[in-house]
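The values are calculated or read from the model by the stated rules, or taken from the named source; none is laboratory data. This one's a predicted model, so the numbers in the text were calculated from it and none came from an experiment. Cβ coordinates were reconstructed from backbone atoms using ideal geometry, including for glycine residues, and neighbour counts include every protein chain displayed.
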Amino acid sequence: MGPKAYTIPVFDLLMSLGTAIDLLSPRLSGHHMRVAYISLALATTLKLDDLERRQLVIAAMIHDIGAFTEAERIELLRFEADDNDVHATVGFEFLRRFPLFREIAQIVRFHHLDWADGRGSTQSGESVPRMSHLLHLADRVDAAVGPERHILVQADNIRRRIESGQGAKFRPDHVGAFLQLSRYESFWLDLTFPNLEVFLARDTSLGELKLSIEQLTELAQLFCHLIDFKSPYTATHSSGVAATAAAIAGHCGFSTLEQREIAVSGLLHDLGKLALPAEILNKPAALTDEEFSSVQAHAYYSKRMLEGIRDLATIVGWGCAHHERLDGRGYPFHDSVDELPLGARIVAVADVLTALSEDRPYRGGMTQSQVVQVLEEMAGGGKLDGQLVALVREHFDDIQQRRSSSQRAASSTYRELAARLPLPSVDRAHPRAAISADQL
């Protein structure tokens, strides 16, 4: 038997990510799916080949992945949005790090570039993919749709706005395809259909990924950076949890493959924070009840986003339960001792240990005795697995060395990107009074 392979349906993966990104605000609901549908309809009208259609739809489903704040995303919904290429550059820098997304990254990079009567065919000496301009048009069509009036009433006005941008903002042939497509009421009504993803799944063949554990780790690392790099406070957290969980699992007798799988679980355990605006993560003051409820929801979204991908069920199950407690008083599902497998208990301990050990603006990382004391108190209170806590105490130096090494590497990557990209910043004049890593 050869090395284990993990089958990942591409459509399911991207739909989950796009939906999570749109959860930043109710005003964003369904944006990525609608842009993907418009892109596909335009590509079909223009008779693009199968590879171009596939690349365009993938890019459309995650095109705003580099926009970390709610304010930025809402600004992008304005038809004439200002400074709207920053998030595209950020998205490009993240996506190009994973082989599957390297060509997609180029499309995302230029998806707000105006055609400018042909000058937009290149940028800084680089050729701009045609699909970038098609995605630009699809994105602006959706931005022109308002929520207050029936879609068919708006159609003529949207047509006029797009046609007025012919040549300056949009490629003329793309505008021609849109004007042809927009004659059909079915096109507009599809955009407001509640289950739009049904049409996308039916009309798009994105296939499946067959990933080795090494490739799965690379993919998880990409998502880890998208999650954690929203804030300097959390920039290395998931990397620390991954290394800590793998170290604990090794001391529990997990196989080498299982240790690597639980590391992937650690990288993905906060995946639901894609739905959490950077404004909340970086807020220096106390959170409102509504904001804290958004924080708690991240564990729920971590599970719902990927639970339908069969080959990731065990890995996702371990990570998404990191806020559950053995006494059933955790969240969001209130699973208790009989419902939490060993892998989930390991990730829960790893999450707390990492949070306590990290330096924070409002406190330094705790000492060994302080960390062990908190873990033992939580174990004694029925929250964490006492046997795992005893194992951590026994192998503390080895576990901490592996955590620290992993977080230093993640910190280096963050600093390298932050030097070139406008990643979210924080007001360091204020102590962090609201969210701490202990709560996340």
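Structure above, values below:
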{"read-out": "Criterion violated by Leu206 - all others in (1) surrounded by fewer than 16 Cβ atoms within 10 Å (Cβ to Cβ); (2) part of a loop (DSSP other than H, G, I, E, B); (3) touching a residue at least 40 places away in the same chain (Cβ under 8 Å); (4) within 32 Å of the chain's Cα centre (by Cα) satisfied", "value": "(1)"}
{"read-out": "Any pair with Cβ under 7 angstrom, 6 or more apart, that starts in region 92-111 at a residue that is closer than 14 Å to Arg130 by Cβ and ends at one that is among the hydroxyl-bearing types (Ser, Thr, Tyr) and at pLDDT 95 or above", "value": "Ile107/Ser132; Phe110/Ser132; His111/Ser132"}
{"read-out": "Residue tally, condition within 30 Å of Lys4 (Cβ to Cβ) and not in a helix (DSSP H, G or I), over region 182-203", "value": "0"}
{"read-out": "Filter result for the condition that a residue is surrounded by 24 or more Cβ atoms within 10 Å (Cβ to Cβ), aliphatic (A, V, I, L, M) and touching a Leu at 6+ places or on another chain (Cβ under 9 Å), over Ile58, Ile8", "value": "Ile58"}
{"read-out": "Out of Ala144, Ala168, Ala116, Ala105, sole residue that is among the hydrophobic types (A, V, I, L, M, F, W, C) and on the phi > 0 side of the Ramachandran plot", "value": "Ala116"}
{"read-out": "Residue match in region 275-287 (condition: among the charged types (D, E, K, R), in a helix (DSSP H, G or I) and either farther than 25 Å from Leu421 by Cα or touching a Leu at 6+ places or on another chain (Cβ under 7 Å) (or both))", "value": "no"}
{"read-out": "Output for region 71-123, where each listed residue is surrounded by fewer than 21 Cβ atoms within 10 Å (Cβ to Cβ) and among the basic types (Lys, Arg)", "value": "Arg73, Arg78, Arg96, Arg97, Arg102, Arg119"}
{"read-out": "Meets criteria (surrounded by 15 or more Cβ atoms within 10 Å (Cβ to Cβ), at pLDDT below 95 and in the same structural domain as Tyr300 (by TED's automatic domain parsing)) for Ala355", "value": "yes"}
{"read-out": "The lone exception for Glu324 - which of (1) over 18 Å from the mean Cα position of the chain (by Cα); (2) surrounded by fewer than 23 Cβ atoms within 10 Å (Cβ to Cβ); (3) touching a residue at least 24 places away in the same chain (Cβ under 8 Å); (4) not in a helix (DSSP H, G or I) it fails", "value": "(2)"}
{"read-out": "Which numbered condition Pro232 misses (of (1) in a helix (DSSP H, G or I); (2) surrounded by fewer than 24 Cβ atoms within 10 Å (Cβ to Cβ))", "value": "(1)"}
{"read-out": "Test for Ala41: is it under 14 Å from the mean Cα position of the chain (by Cα) and of a type in the set (A, V, I, L, M, F, W, C)", "value": "no"}
{"read-out": "Restricting region 151-181 to residues that are in a loop (DSSP other than H, G, I, E, B) and touching an Asp or Glu at 6+ places or on another chain (Cβ under 9 Å), the residue that is surrounded by the most Cβ atoms within 10 Å (Cβ to Cβ)", "value": "Lys169"}
{"read-out": "Residue match in region 247-260 (condition: closer than 24 Å to Phe101 by Cα, surrounded by fewer than 21 Cβ atoms within 10 Å (Cβ to Cβ) and in contact with a helix residue (DSSP H, G or I) (Cβ under 6 Å, 6 or more places away or on another chain))", "value": "yes"}
{"read-out": "Subset of region 379-390 (residues that are in contact (Cβ under 8 Å) with a residue 40 or more places away in the chain and either of a type in the set (Lys, Arg) or assigned to a helix (DSSP H, G or I) (or both))", "value": "Lys383, Leu388, Val389"}
{"read-out": "Given (1) free of Cβ contacts under 8 Å to residues at least 24 places away in the same chain; (2) surrounded by 19 or more Cβ atoms within 10 Å (Cβ to Cβ), number of the condition Glu148 does not satisfy", "value": "(2)"}
{"read-out": "Verdict on Ala263 being over 30 Å from Leu423 (Cα atoms) and either small (Gly, Ala, Ser) or more than 21 Å from the chain's Cα centre (by Cα) (or both)", "value": "no"}
{"read-out": "Qualifying positions in region 112-123 - charged (D, E, K, R) and either part of a loop (DSSP other than H, G, I, E, B) or touching a residue at least 40 places away in the same chain (Cβ under 8 Å) (or both)", "value": "Asp114, Asp117"}
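Residue by residue, here is whether (1) of a type in the set (Phe, Trp, Tyr); (2) touching an Asp or Glu at 6+ places or on another chain (Cβ under 9 Å) holds:
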{"position": "Ser25", "(1), (2)": "no, yes"}
{"position": "Leu28", "(1), (2)": "no, yes"}
{"position": "Arg34", "(1), (2)": "no, yes"}
{"position": "Asp49", "(1), (2)": "no, no"}
{"position": "Glu75", "(1), (2)": "no, yes"}
{"position": "Phe98", "(1), (2)": "yes, yes"}
{"position": "Gln106", "(1), (2)": "no, yes"}
{"position": "Asp114", "(1), (2)": "no, no"}
